[in-house]
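Colleague: Got a structure here, written out as structure tokens. Questions coming.
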Amino acid sequence: MPVRFDSWDVFMHFDKHEMTFDTGLGAGERWSDIMLNSRGLRCAFDPRQSIDSTVKSWTLGEVGVSLAELSTQTLSPVGEEWPSWQGGWLFVKLVTEGHVHVQSRGLVERFEAGSMFIIDPVYPFEEVFPERAGMTVLRVPKARLRERGVHRSSAGPLVGDARSPDVRATRDLIQCIARQSTAPGVVAQNMMGEQLLELIEFAMIDPGARSKRRCPEALVHQAKRYIENHLGEAGLDVAAIANGVHVSSQHLQRLFRAKGMSLMRYLWQARLERAALLLRTRGAHDGSIQEIAWQCGFTTAAHFSRLFKRQYGVSPSDFRFAGNQS
């Protein structure tokens, strides 16, 4: 079998999958085809030296995570005329073993183990692996960074300062998350993905761009993140949320109304969605309806059940039962 490719979900969506460059007739062509049509990368390889290259990938929320070990290959992004073009994402890369050369704008930069950089596939570049090298790669949606008020892009690698404690801490935390041996639950996956976005923004984006965080889009996003992190607090209200993002209650409510939904309606919607997720992903013996209600900020099971049935058309217990039967 030329290239071993084990998939549990859809490859294009970067869900759980693994592929290995094996020996055999047509191995290189098969590997190149997967790289081109699924990852948006042209690949030049050595038929003998590239053997045993591997890529393992999965998702944490909206962030794609890949662990790659590549030997004697050159990768370059395709243009936007290709369906597999990756222009909607930035790629955060941590070199964990060996080294890699990145050629862009007529310059060649060498990244040793311990290096971290961001690359934008909108701009041409070549990644050269002259020997076997290991790399952890995060695939980050540009739209999620724009929500945070960060609009910066770079025609070449955006390099993290290895002397910065923030960059070193970010690198170590990313590695810790990427090396998890067991898959976390859905809620934990989403939380880890959001944390990765926060870390990348803080440590890797130009500090001068952070002043844009007070734009309306960024403030609404920060308020939504604050709500997500405090959903279990029964006393969470407009004043608490506004205080958490350091703006007035009136201003924050105006921003949400401009988006077509009141702040409190968004809060109750988020609580119900969290409850639905918990009911869907937990077994019948993993917590009572009352406990789930409390975890999502509802003070009584009766209030929770009434709002839940209004939203989903069935009671929480029937919703859980239907999920366990599917």
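Colleague: Identify all residues within segment 32-69 that are buried (at least 19 other Cβ atoms within 10 Å of the Cβ) and acidic (Asp, Glu); write none if there are none.
Modeller: Result: GLU69, single match.
Colleague: Using the structure shown, decide if PRO83 is loosely packed, with under 15 Cβ neighbours inside 10 Å and either among the β-branched types (Val, Ile, Thr) or modelled with pLDDT under 90 (or both).
Modeller: No; evaluated as a whole, the condition is false for this residue.
Colleague: Let me ask something additional. Inside segment 253-303, can you point out the residues that are touching a residue at least 24 places away in the same chain (Cβ under 8 Å) and exposed (fewer than 12 other Cβ atoms within 10 Å of the Cβ)?
Modeller: Residues satisfying the conditions are ALA258, GLY283, THR299.
Colleague: Within the set of pairs 6 or more residues apart or between chains, which connect a residue that is closer than 15 Å to LEU90 by Cβ inside segment 61-77 to a residue that is of a type in the set (Gly, Ala, Ser) and not in a loop (DSSP other than H, G, I, E, B) with Cβ atoms less than 8 Å apart?
Modeller: Listed pairs, sorted by first residue: GLU62/GLY193; VAL63/GLY193; GLY64/SER57; VAL65/SER57; VAL65/ALA178; SER66/SER57.
Colleague: Would you point out which residue out of LYS259, LYS224 is within 24 Å of ILE292 (Cβ to Cβ) and at pLDDT 85 or above? Before you say what the answer is, go through the steps one by one.
Modeller: Values: LYS259 fails: within 24 Å of ILE292 (Cβ to Cβ).
Testing whether each residue is within 24 Å of ILE292 (Cβ to Cβ) and at pLDDT 85 or above leaves just LYS224.
Colleague: How do the strands (runs of 3 or more DSSP E) wholly within segment 15-115 filter down when requiring 1 or more residues that are β-branched (Val, Ile, Thr): which remain?
Modeller: 17-21, 54-60, 63-70, 73-77, 89-97, 99-104, 107-112
Colleague: Evaluate segment 144-160: report whether one residue or more is in a helix (DSSP H, G or I), among the hydroxyl-bearing types (Ser, Thr, Tyr), surrounded by 15 or more Cβ atoms within 10 Å (Cβ to Cβ) and more than 14 Å from the chain's Cα centre (by Cα).
Modeller: no
Colleague: Working carefully through the options PRO207, PRO184, find the one that is farther than 30 Å from HIS17 by Cβ, modelled with pLDDT under 80 and either out of contact with any helix residue (DSSP H, G or I) (no Cβ under 8 Å at 6 or more places or on another chain) or not assigned by TED's automatic domain parsing to the domain that holds LYS259 (or both). Walk me through how you get there before you give the answer.
Modeller: Numbers: PRO184 fails: farther than 30 Å from HIS17 by Cβ.
From the options PRO207, PRO184, the qualifying one is PRO207.
Colleague: Within the bounds of segment 112-119, is there any residue that is surrounded by fewer than 20 Cβ atoms within 10 Å (Cβ to Cβ), within 27 Å of ALA275 (Cα to Cα) and either in contact with a helix residue (DSSP H, G or I) (Cβ under 9 Å, 6 or more places away or on another chain) or not assigned by TED's automatic domain parsing to the domain that holds THR96 (or both)?
Modeller: Looking through segment 112-119, none of the residues is surrounded by fewer than 20 Cβ atoms within 10 Å (Cβ to Cβ), within 27 Å of ALA275 (Cα to Cα) and either in contact with a helix residue (DSSP H, G or I) (Cβ under 9 Å, 6 or more places away or on another chain) or not assigned by TED's automatic domain parsing to the domain that holds THR96 (or both).
The values are calculated or read from the model by the stated rules, or taken from the named source; none is laboratory data. None of these values were measured; they are calculated from a predicted model. Because the Cβ atoms are built from the backbone with ideal geometry, glycine has one as well, and the counts that use them run over all protein chains shown.
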